[in-house]
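The values are calculated or read from the model by the stated rules, or taken from the named source; none is laboratory data. Computed from a predicted model, the values in this text were never measured in an experiment. Cβ coordinates were reconstructed from backbone atoms using ideal geometry, including for glycine residues, and neighbour counts include every protein chain displayed. Protein only, heavy atoms only, side chains kept; ligands, DNA and RNA dropped before computing areas. Shrake-Rupley method; radii C 1.70, N 1.55, O 1.52, S 1.80 Å.
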Amino acid sequence: MPSSIVNVRITESQQQLTIDRPAQGLSVQGRIRVPGDKSISHRALMLGAIAKGETTIEGLLLGEDPRSTARCFQALGAEISPLNEQRVRVRGVGVGELVEPTDILDAGNSGTTMRLMLGILASHPDRFFTVTGDKSLRSRPMSRVVQPLQQMGAQIWGRNGGSLAPLAVQGQSLRPIHYHSPIASAQVKSCILLAALMAEGTTTITEPAVSRDHSERMLKAFGAEITTDPDTKSVMITGPAQLQGQSVIVPGDISSAAFWIVAAAIVPDSDLTIENVGINPTRTGILEALEMMNADIQLENERIVAGEPVADIRVRHSQLKGCSIGGDIIPRLIDEIPILAVAAIFAQGQTVISDAAELRVKESDRLAVTATVLNQMGAKITELPDGLEITGGTPLRGTDVESYDDHRIAMSLAIAALNASGTTTIHHAEAAAISYPDFTATLRQVCEEC
């Protein structure tokens, strides 16, 4: 296929991504790799910064969010080599030994950076920290981590009663708690676990459903005393702890792979393999949901890499069918719901996604935005209070759409455009770089190799 299928136009204010689908259609073919897992990249940088000795990280995601984490922890005293995909070296200071920064810490657009870092900062007695982020992050709720930290004895102030950044933190000696989280959130759980590293005794977090467990796996690898109880959906960590630098190999991000999995599933005659993808069972809800929809997905070359399960994922086009998606699976695919909605557009019958109100407080209100932009392309999506109702089988047509500065919306629109007639132009497509800097290059690759 000619490279003119995918074009980028850069102006002073934005990047426009144009997908011009040929009249005869296209298919998605080849073998690709996706960037390193964002969740694991964040945690490797953070734990490396507070561990003793050197941590090496291979396969780090080079998106804007991990860069924000690296900059913050450099300002807190950790030595971090220039970021690259081959090998990043982090010389940590030890648990409780971060220095008081001379300036405000800027988490950029990264909710993971801010929420997890708050747990670390709150546990540093006699040090003062101020944390902010970009306009989007300053509007996102922080009370979900501030409140449990305050139960542990943290002193945190901010806008709207301490629920919005900028936030000021006066480090304290924290106490252990048993926190019953009202939501299944890896960010909430991880924040408390990191705060508990310096609390004397055992801290327990119990969730309504099991959220992704990258923090538990990595904390254990770095030397923390941590146990899990699947029956009660609880995690226990005993402090004070010391961490030792480790070698971390970051697998491909299944959230990034999800765009290509859906692309191959919905575009006729497609056959695509995504190599080296992390298939941690707390993250594979997208695979389970698509298999419920009759997607043709095979896991090949399954293996364990640095404690995380990894596989190559082969996907071929199939006729999808609608289904109901809700309950305990939602925390395991919360970030993938916009692209799952794209899959549902091309499924026979109706798909209902529920229990996903959490999407209203992401980089955008992803429920409202997903419905709005895909309906502009001809979809039939009804926004629900906690989800989406999607009637499949309506052809999409190319048009001008807005990313709302949300990386997952920008990429979901690009995949939808592969199966839409005519030309689709996505405004502010540069948002994709937050988690996937090479998204456009890979989009060109899979179109040209068909």
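Observations on the model:
- Of the residues Ser318, Ser324, the single one that is surrounded by fewer than 21 Cβ atoms within 10 Å (Cβ to Cβ), more than 15 Å from Ile266 (Cα to Cα) and at pLDDT 95 or above is Ser324.
- Residue within region 383-398 that is among the basic types (Lys, Arg) and either surrounded by fewer than 18 Cβ atoms within 10 Å (Cβ to Cβ) or modelled with pLDDT under 95 (or both) present: yes
- Looking only at residues of region 1-29 that are modelled with pLDDT of 90 or more and surrounded by fewer than 19 Cβ atoms within 10 Å (Cβ to Cβ), we find that the one that is nearest to Ile120 (Cα to Cα) is Gln14.
- Options Leu98, Leu167; residue that is under 17 Å from Ala75 (Cβ atoms), in contact with a helix residue (DSSP H, G or I) (Cβ under 8 Å, 6 or more places away or on another chain) and not in a strand (DSSP E or B): Leu98
- Qualifying positions in region 425-436 - surrounded by fewer than 24 Cβ atoms within 10 Å (Cβ to Cβ) and in contact with a strand residue (DSSP E or B) (Cβ under 6 Å, 6 or more places away or on another chain): Thr425, His427, Glu430
- Residue match in region 331-350 (condition: assigned to a strand (DSSP E or B) and out of contact with any helix residue (DSSP H, G or I) (no Cβ under 9 Å at 6 or more places or on another chain)): yes
- Residue pairs meeting the criteria (Cβ under 7 Å; at least 6 apart or on separate chains; first within 30 Å of Pro208 (Cβ to Cβ) and β-branched (Val, Ile, Thr), in region 264-286; second open to solvent by less than 10 Å² (accessible area, probe 1.4 Å) and part of a strand (DSSP E or B)): Val277/Gly252; Val277/Val310; Val277/Ala311; Val277/Ile313; Ile279/Val310; Ile279/Ala311
- Test: Gly378 is more than 23 Å from Gly327 (Cα to Cα) and either assigned to a strand (DSSP E or B) or open to solvent by 40 Å² or more (accessible area, probe 1.4 Å) (or both): no
- Region 289-309, residues that are buried (at least 17 other Cβ atoms within 10 Å of the Cβ), closer than 18 Å to Ile40 by Cβ and not aliphatic (A, V, I, L, M): Glu308, Pro309
- Hey, Leu272 touching a Gly at 6+ places or on another chain (Cβ under 7 Å) and farther than 30 Å from His180 by Cβ or not: yes
- Within the option set Ile390, Ile426, being within 20 Å of Leu290 (Cα to Cα), in contact (Cβ under 8 Å) with a residue 24 or more places away in the chain and not in a helix (DSSP H, G or I) holds for one residue only, Ile390.
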